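**Q** Okay, here's the structure, questions in a sec.
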Amino acid sequence: MKYNIYLLLFVLLCVSCGEDYVPKPKAFLRLDYPEHKYNQPDFTGLPFSFETNKLATEVNVKPMQSSVESYGVDLQYPSMKGTIFITYKAVNNDEEILEKYLRDAEKLTIEHMIKAEEVPPMFPFENKKERVYGVFSEVKGDVASPAQFYVTDSVNHFLTGSLYFYAKPNYDSILPAANYLEKDIQHIMETLRWK
């Protein structure tokens, strides 16, 4: 009986050690995001308006305490665990205030360059008809905010925004979502209207 068990184990061992194995094919995570569909949220009482993606299911608007008229708008994307934070500040035809806002907006991008792997050139934006001028900045790498932007009419209005995710920065993991939301940021810039 013992002999038969040893023989069976030996046969199984010899048969199982063959070279005929099939490696698993390389696979990539497939993330399908819905097509961009936009709507016009109710920004009654605010000095600006723009279209938002319907995927931003939570749009929170709050007045901010400041010496000038200021508002915060949070576009939350719960399915992507990300938020576009937008801040509006009145310029009131004050060139010094505008220069301060511009420096602060550019400082945010510079702060993220420390951990950046690559900083592509900034993309200027101009819509002369609606008096919207600004810059879109992208920062590649394990950074907290992979995209920032600001727009102004150079006289009365200044609006800045940045994209953040509720996760530890891992560029490879958030890249598909970041690319998707960067298109939303560009759409915000294109549809922005001052009141």
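The values are calculated or read from the model by the stated rules, or taken from the named source; none is laboratory data. Computed from a predicted structure; not experimentally measured. Ideal geometry is used to build each Cβ from the backbone, glycine not excepted, and the neighbour counts take in all protein chains shown. Keep in mind that these areas ignore ligands, DNA and RNA; they rest on the heavy atoms of the full protein, side chains included. Shrake-Rupley method; radii C 1.70, N 1.55, O 1.52, S 1.80 Å.
**Q** Scan segment 44-53 residue by residue and report those that are at negative phi, open to solvent by 50 Å² or more (accessible area, probe 1.4 Å) and not polar (S, T, N, Q).
**A** Kept after step one, since they are at negative phi, are these residues of segment 44-53: 44, 46-53.
With open to solvent by 50 Å² or more (accessible area, probe 1.4 Å) added as a condition, the list becomes 44, 51.
Hit for segment 44-53 is GLU51, nothing else.
**Q** Search segment 76-103 for residues being closer than 23 Å to PRO124 by Cα and free of Cβ contacts under 8 Å to residues at least 24 places away in the same chain, and hand back the single one that is least open to solvent (accessible area, probe 1.4 Å).
**A** ASP94
**Q** Somewhere in segment 78-96, is a residue part of a helix (DSSP H, G or I) and either modelled with pLDDT under 95 or farther than 25 Å from ALA178 by Cα (or both)?
**A** From segment 78-96, those part of a helix (DSSP H, G or I) are 95-96; that's our starting set.
Those left that are additionally either modelled with pLDDT under 95 or farther than 25 Å from ALA178 by Cα (or both): 95-96.
Yes; the residues of segment 78-96 include at least one that is part of a helix (DSSP H, G or I) and either modelled with pLDDT under 95 or farther than 25 Å from ALA178 by Cα (or both).
**Q** Does GLU117 satisfy being at pLDDT below 90, over 15 Å from the mean Cα position of the chain (by Cα) and assigned to a strand (DSSP E or B)? Explain how you work it out, then say what you get.
**A** Values: at pLDDT below 90: yes; over 15 Å from the mean Cα position of the chain (by Cα): yes; assigned to a strand (DSSP E or B): yes.
Yes; evaluated as a whole, the condition is true for this residue.
Residues checked against (1) at pLDDT 80 or above; (2) open to solvent by 90 Å² or more (accessible area, probe 1.4 Å); (3) not in a loop (DSSP other than H, G, I, E, B):
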residue: LEU7; (1), (2), (3): no, no, yes
residue: VAL11; (1), (2), (3): no, no, yes
residue: ASP42; (1), (2), (3): yes, yes, no
residue: LEU55; (1), (2), (3): yes, no, no
residue: VAL59; (1), (2), (3): yes, no, yes
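**Q** Could you please find all residues in segment 61-75 being among the polar types (S, T, N, Q) and either in contact with a helix residue (DSSP H, G or I) (Cβ under 8 Å, 6 or more places away or on another chain) or open to solvent by less than 20 Å² (accessible area, probe 1.4 Å) (or both)?
**A** At the first step, the residues of segment 61-75 found to be among the polar types (S, T, N, Q) are 65-67, 70.
Once the filter is applied, which keeps residues that are among the polar types (S, T, N, Q) and either in contact with a helix residue (DSSP H, G or I) (Cβ under 8 Å, 6 or more places away or on another chain) or open to solvent by less than 20 Å² (accessible area, probe 1.4 Å) (or both), segment 61-75 yields only SER70.
**Q** Suppose we keep only residues that are over 19 Å from PHE85 (Cβ atoms) and touching a helix residue (DSSP H, G or I) at 6+ places or on another chain (Cβ under 6 Å) within segment 116-173. Which one would you say is least open to solvent (accessible area, probe 1.4 Å)?
**A** Here the residue is GLY141.
**Q** For segment 121-146, enumerate the residues that are within 30 Å of LYS168 (Cβ to Cβ) and either at pLDDT 95 or above or outside any loop (DSSP other than H, G, I, E, B) (or both). Don't jump to the end; show me each part of the working.
**A** So the first thing to find is which residues in segment 121-146 are within 30 Å of LYS168 (Cβ to Cβ), and the list is 121-123, 134-146.
Hits for segment 121-146 are PHE123, GLY134, VAL135, PHE136, SER137, GLU138, LYS140, GLY141.
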